[in-house]
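Asks: One structure is given below, represented as structure tokens, and several questions about it will come after.
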Amino acid sequence: MAQQKSDPNYKIIAENRRARFDYAIEDDIECGIILTGSEVKSLRENSSNIAESYAAVEDGELWLVNSYIAPYTRAMFPHEERRRRKLLVSKKELSRLWNETQRKGMTIVPLVMYFNHKGMVKLKIGIAKGKQNHDKRETEAKRDWNRQKQRLLKERG
């Protein structure tokens, strides 16, 4: 991870911070995404949102649904802001994702959209199970306790 941050091409575009709070993420996968030219240029200007989006396996393909990429004002052929975008994964991963969602009741949640070290747009998706309210409270209590612990250590040490 440290190598990626020192790389000048690596850049986080959009992050779904709420996903780790609302879902128990069991596994994550890096996948490619099919975009048009105006979408890539818009992403380079940092104008996107994946917080309300999800991924779904339909007709043997993986799709990103309800993700927002702002329109690029200088585009000759503009794109739709919330269109469905196809995600690129191997057949083996696709069958595993279908199995997890259809049989085990899991959800596919986008976690981070970023430019990798080659300058390509990648999306990290997580296979997740929804948390109940008591699980969310427990997560929040652990986070608060860790913050308080760090403050105490900082003050004494």
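The values are calculated or read from the model by the stated rules, or taken from the named source; none is laboratory data. In this text the structure is predicted, and so the values were computed from the model without any measurement. All Cβ positions, glycine included, derive from the backbone under ideal geometry; neighbour counts span all protein chains shown. Quick note on the areas: whole protein, heavy atoms, side chains included, nothing else; ligands and nucleic acids left out. Shrake-Rupley method; radii C 1.70, N 1.55, O 1.52, S 1.80 Å.
Asks: How much of the accessible area of the chain, probe 1.4 Å, is carbon plus sulfur, in whole percent?
Replies: With neighbouring chains kept in place, the figure for the chain is 48 percent.
Asks: Also: Could you give the angle, 0 to 90 degrees to the nearest 10, between helix 133-156's Cα long axis and the longest principal axis of the Cα atoms of the chain?
Replies: The answer is roughly 60 degrees.
Asks: Something else now. Starting at 0 and stepping by 5 Å, how many percent of the alpha carbon pairs of the chain end up in each bin?
Replies: Answer for the chain: a P(r) of 2, 8, 15, 17, 17, 15, 12, 7, 4, 2, 1, 0, 0 percent.
Asks: Could you identify which residue out of MET106, MET76, MET120 has the top mean-square fluctuation in a GNM of the chain using Cα springs shorter than 10 Å?
Replies: In this elastic network of the chain, the residue with the biggest mean-square fluctuation among MET106, MET76, MET120 is MET76.
Asks: Here's another thing I want to ask about it. Go through segment 13-54 and name the GluC sites (Glu not before Pro) that are in a DSSP coil and have 14 or fewer other Cβ atoms within 10 Å of their Cβ.
Replies: GLU45, GLU52
Asks: Determine the dipole magnitude for the chain: charges of +1 sit on the beta-carbon of Lys and Arg, -1 on that of Asp and Glu, nothing else is charged, the reference point is the Cα centre, and the result goes in debye to the nearest 20.
Replies: Charge dipole of the chain: 540 debye, to the nearest 20.
Asks: So, one more: GNM on the chain, C-alpha springs below 10 Å: top fluctuator among HIS117, HIS134, HIS79?
Replies: Most flexible of the set in this elastic network: HIS134.
Asks: May I ask for the angle, rounded to the nearest 10°, between helix 91-103 and the longest principal axis of the chain, with both axes built from Cα atoms and the value confined to 0 to 90°?
Replies: Approximately 60 degrees, to the nearest 10.
Asks: Give the lysines whose C-alpha is closer than 26 Å to that of LYS154, dropping any in the same chain fewer than 8 places away, or say none.
Replies: Of all the lysines, those that pass the test against LYS154 - Cα under 26 Å, at least 8 places apart if same chain - are LYS142.
Asks: Evaluate E = 1/(1 + (r/R0)^6) for THR73 and GLU15, where r is the Cβ-Cβ distance and R0 equals 35 Å; express this FRET efficiency to the nearest 0.05. Spell out each step's value before the answer.
Replies: Numbers: r = 24 Å, r/R0 = 0.69.
The value I calculate is 0.90.
Asks: Mind checking which aspartates and glutamates have their Cα closer than 12 Å to the Cα of LYS136? Skip sequence neighbours fewer than 8 apart in that chain.
Replies: Answer for LYS136, where 12 Å is the Cα cut-off: ASP22, listed by chain and number.
Asks: Given Cα pairs under 8 Å that are at least 6 residues apart, what percent is the relative contact order of the chain? Each step should come with its number before you reach the end.
Replies: Values: 275 pairs, mean separation 48.9, N = 157.
Once divided by the residue count of the chain, the mean separation gives 31 percent.
Asks: Could you tell me whether segment 100-157 comes out rounded, prolate or oblate from its Cα gyration tensor? Rule is a ≥ b ≥ c as square roots of the eigenvalues, rounded for a/c under 1.5, then prolate if a/b exceeds b/c, otherwise oblate.
Replies: Verdict is oblate for segment 100-157.
Asks: Here is a further query. Let me check against my output: what whole-number percent is the relative contact order of segment 79-126, with C-alpha pairs under 8 Å and at least 6 apart?
Replies: 23 percent
Asks: Continuing with the same structure: Given a Förster distance of 35 angstrom, what is the FRET efficiency for GLU61 paired with LYS136, based on the Cβ-Cβ distance and rounded to 0.05?
Replies: The formula returns an efficiency of 0.60 here.
Asks: Separate question: Under a GNM of the chain (C-alpha, springs under 10 Å), which listed residue has the highest mean-square fluctuation: ARG143, ARG83, ARG18?
Replies: Largest GNM mean-square fluctuation: ARG143.
Asks: Sum -39500 (n - 2.57) across every DSSP H segment of at least 4 residues in the chain, then divide by the residue count to get the 222 nm mean residue ellipticity, nearest 500.
Replies: Roughly -10500 deg cm²/dmol at 222 nm, from the helical runs in the chain.
Asks: Right, something else. Would you mind getting the accessible area per residue of the chain, heavy atoms of the protein chains only, 1.4 Å probe, in Å²?
Replies: Ligands and nucleic acids excluded, the result is 66 Å² per residue.
Asks: Just how many pairs of Lys in segment 1-109 have C-alpha atoms closer than 28 Å, counting pairs that are eight or more places apart or on different chains?
Replies: Lysine pairs meeting both conditions in segment 1-109 amount to 9.
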